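This report refers to the structure that appears directly beneath it.
Every number in this text was worked out from the coordinates using simple rules, so none of it is lab data. Being a predicted model, the structure only gives us computed values, none of them experimental. So basically every Cβ, Gly included, is an ideal-geometry build from the backbone, and we count neighbours across all protein chains shown.
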Ligand code: PEP
Ligand code: MG
């Protein structure tokens with residue numbers, strides 16, 4: 001098979017279509033060579049060879065070696081130099097290149113081909129012995145580290161000692177003879193430490209370097225990076241072997257990096273840096289301060305060092321032309337690496353440039369205006385999850401971060417405040433106008449009021465669907481959850497992380513977009529939702545098929561979601577209403593009542609509260625669909641847990657603490673998530689469902705009268721597995737509906753549907769659809785029940801699974817297409833067979849996750865529903881999925 005693709009001299013065997021095999025670097029070098037840009041000739045070994053290398057016990061196969069040698073013969077013809085030659089040596093760079101860029105994660109070897117004889121020839125040929133010996137020592141240092149495995153610190157130490165001995169400050173102060181001595185020391189230490197000499201045979205060097213680049217695919221840095229970015233191990237890296245060009249051949253040589261537009265603002269201006277007389281890694285290493293490429297940027301920065309534009313006007317002019325050419329070729333902003341060797345410009349890399357969300361928006365909108373891309377392409381250009389950066393305050397990327405811990409990026413945005421450890425303290429602080437971060441080991445429904453009052457939430461335990469994470473996302477409050485490396489010492493009111501101890505009242509900043517916890521206050525950037533953002537969202541809305549609803553439990557959520565463009569409510573978790581204010585007391589009265597009469601008495605008090613909530617939701621949504629779910633959580637979630645709390649609550653309610661404890665013990669469940677919850681509650685206590693249904697219909701009547709808009713409540717029954725369960729609860733709802741409509745003398749259309757949260761419900765969807773008028777996929781529970789993994793405990797082992805490559809993505813974050821997804825497919829298909837026009841939606845956390853939304857489009861769902869702050873992300877993702 002073909003392992004090697006060559007490029008250079010105005011031609012190339014590959015193109016960007018083969019990026020999976022050639023990697024980003026190889027594909028774009030081929031592309032640039034093919035359109036006639038000055039690219040040093042080279043070859044790329046395909047990434048499949050990486051897998052083969054490992055399969056063969058880390059050996060390169062003969063077929064591949066033969067093809068590499070053949071490719072090198074071509075390079076020799078193109079350059080007029082010969083590999084291994086001692087008069088006109090061909091020197092090579094050997095670099096990695098994966099399908100998506102993994103900056104700095106893998107290894108590189110430069111100046112390959114040098115040895116004791118070739119170095120003399122290079123000096124002679126270039127007329128610069130100092131350059132030749134400097135290149136040789138760089139090569140030994142890189143090769144010694146990357147291929148032979150001697151830590152680069154060892155070489156750095158030798159160099160520092162030599163500089164001190166010679167009284168030099170900079171590397172550039174060393175002469176040819178002095179570098180020659182450093183080379184001697186390097187070779188000695190290698191032989192001494194490793195027991196083998198530095199290889200003089202260029203072919204040995206070449207195979208060693210190629211093997212080392214393949215090996216670096218599995219180094220811990222690259223593995224971690226892949227885990228963080230969900231990059232499969234099976235992809236492997238390609239290897240590009242390319243003719244060296246030298247930016248360190250004196251004052252007419254230079255090397256630099258540039259963006260074709262400004263990557264932080266998006267402004268249409270060339271933006272970059274370069275160094276005279278330097279090799280590529282010097283720019284990145286930050287030892288010398290690079291100079292601006294354009295004169296305008298130089299003036300802006302106030303630097304007195306000349307710009308490339310002034311210093312090398314011809315090379316600059318050519319570079320500018322190439323930038324324009326590449327933008328019109330790729331139709332995107334490019335990130336470029338170049339080298340100027342004695343006045344001659346060479347392009348070493350082009351790739352789509354990383355940019356801030358703000359820049360991405362501006363560039364996309366500008367490029368539509370410039371006729372470079374279509375509106376749909378502009379919509380496809382924006383990474384949906386990056387909108388988080390726009391919708392919340394974010395940490396100013398220019399400031400230094402003092403990180404003291406990190407956890408999961410559970411709810412985006414950054415927040416600063418004084419540390420408090422209890423919900424009560426957070427509420428007090430809010431009343432006094434103080435900003436606080438609520439720090440807990442984990443949160444429970446009782447903390448809701450404190451979570452509302454805080455600027456942000458930090459927990460040391462719990463995953464992406466933990467209580468803290470779900471509630472914070474719903475409220476649009478930044479949250480870092482499961483910061484396991486940090487410790488909360490409640491007794492002494494301390495938060496401890498990375499050797500730093502903070503006390504209650506100390507200022508802390510959390511970054512819910514990265515999961516970082518920072519000491520002190522940090523400058524922030526504020527969100528901006530007009531201009532380019534609004535334009536792109538308009539294009540996105542035009543392109544999408546699915547509608548986007550929101551999960552909203554309170555009027556505040558509903559209003560925020562409307563402002564973000566939600567087209568209805570897909571899930572109102574009614575239980576959250578019971579935690580507000582005094583309601584929790586009435587709720588507890590209901591739960592602790594010993595008979596139906598007692599429960600009904602408490603429910604009568606809850607009814608007007610629920611009714612007013614629903615009226616408000618219907619009014620805000622003004623005729624848009626509103627899906628209300630019947631009570632779902634097990635009742636003990638509403639009761640106090642610790643002895644002190646039990647005592648306090650019992651006293652407040654005028655009950656015996658002993659009595660209360662007995663009731664709590666009676667409600668105890670071994671496995672509450674699979675226990676007495678969901679529709680099972682409505683079946684055991686139909687009076688609860690009755691009260692809720694009455695509140696919904698009475699609210700619908702009054703909202704319809706008030707707003708004049710038709711209110712169509714969609715009532716949803718949770719955790720149904722059997723059709724007979726739904727029949728029973730639907731019976732209660734229908735009966736109450738008839739009663740209320742009779743009393744009000746007003747017809748209200750309504751739907752009764754079910755959540756699909758259990759594998760049984762998915763499989764029996766055709767039967768359940770006989771009773772259900774719609775389905776909403778509750779993928780949090782469906783993931784939990786399909787995997788048999790507790791959503792509250794999975795965070796303890798999922799990271800291990802990811803590290804060991806057992807799963808790539810946390811299935812509670814991104815839908816498991818193969819398993820949970822298959823159940824959704826089955827349910828959608830079977831449900832629609834029974835009821836072809838049945839509305840299908842999703843309201844689990846996956847409803848706001850871009851890749852899961854693509855899946856929903858594939859399956860043909862009618863809508864996705866997500867927390868308010870994710871609504872724009874969902875609108876954009878749904879558009880991308882439909883394009
Ligand atoms: C679900 O299970 O996906 C769902 C939306 O319900 P909850 O998260 O409230 O259990
Ligand atoms: Mg659920």
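See the values below:
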| item | result |
| --- | --- |
| Antiparallel bridges, percent of DSSP beta bridges restricted to the chain (to nearest 5) | 65 percent |
| Within the chain, helix-based [θ] at 222 nm, where runs of 4 or more DSSP H residues each add -39,500 (n - 2.57), nearest 500 | -14000 deg cm²/dmol |
| Nearest 10 degrees, 0 to 90: helix 822-834 Cα axis against the chain principal axis | 50 degrees |
| FRET efficiency estimate (nearest 0.05) - Cβ-Cβ, residue 304 to residue 434, R0 51 angstrom | 0.60 |
| Beta bridge orientation in region 389-525: antiparallel %, DSSP, nearest 5 | 75 percent |
| Per-pair calculated FRET efficiency, R0 = 60 Å: residue 441 and residue 73 via Cβ, rounded to 0.05 | 0.35 |
| Kirkwood-based shape ratio for region 380-453, expressed as Rg/Rh from alpha carbons | 1.03 |
| On Cα atoms only, tilt of 176-194 relative to the major axis of the chain in degrees | 60 degrees |
| Extension gain, residue 193 back to residue 744 (0.36 nm per residue minus Cα-Cα distance, nm) | 189.2 nm |
| Packing rank of 299-305, 689-695, where each peptide gets the mean count of other beta carbons within 10 Å, highest leading | 689-695, 299-305 |
| Cα gyration tensor, region 389-525 - rounded (a/c under 1.5), prolate or oblate | rounded |
| Most to least packed among 117-123, 746-752 [average Cβ atoms within 10 Å] | 117-123, 746-752 |
| Centre separation in Å (Cα based) which lies between region 516-575 and region 766-832 | 24 Å |
| The chain: relative contact order as a whole-number percent, Cα under 8 Å and 6+ apart | 9 percent |
| C-alpha long axis of helix 686-707 to longest principal axis of the chain, angle in ° | 80 degrees |
| Overall form of the chain per C-alpha gyration tensor (a/c, 1.5; a/b vs b/c) | prolate |
| Peptides ranked, highest mean first, by Cβ atoms within 10 Å: ranges 526-537, 467-478 | 467-478, 526-537 |
| Sites residue 17 and residue 580 - FRET efficiency at Förster radius 60 Å, r taken between beta-carbons, to 0.05 | 0.60 |
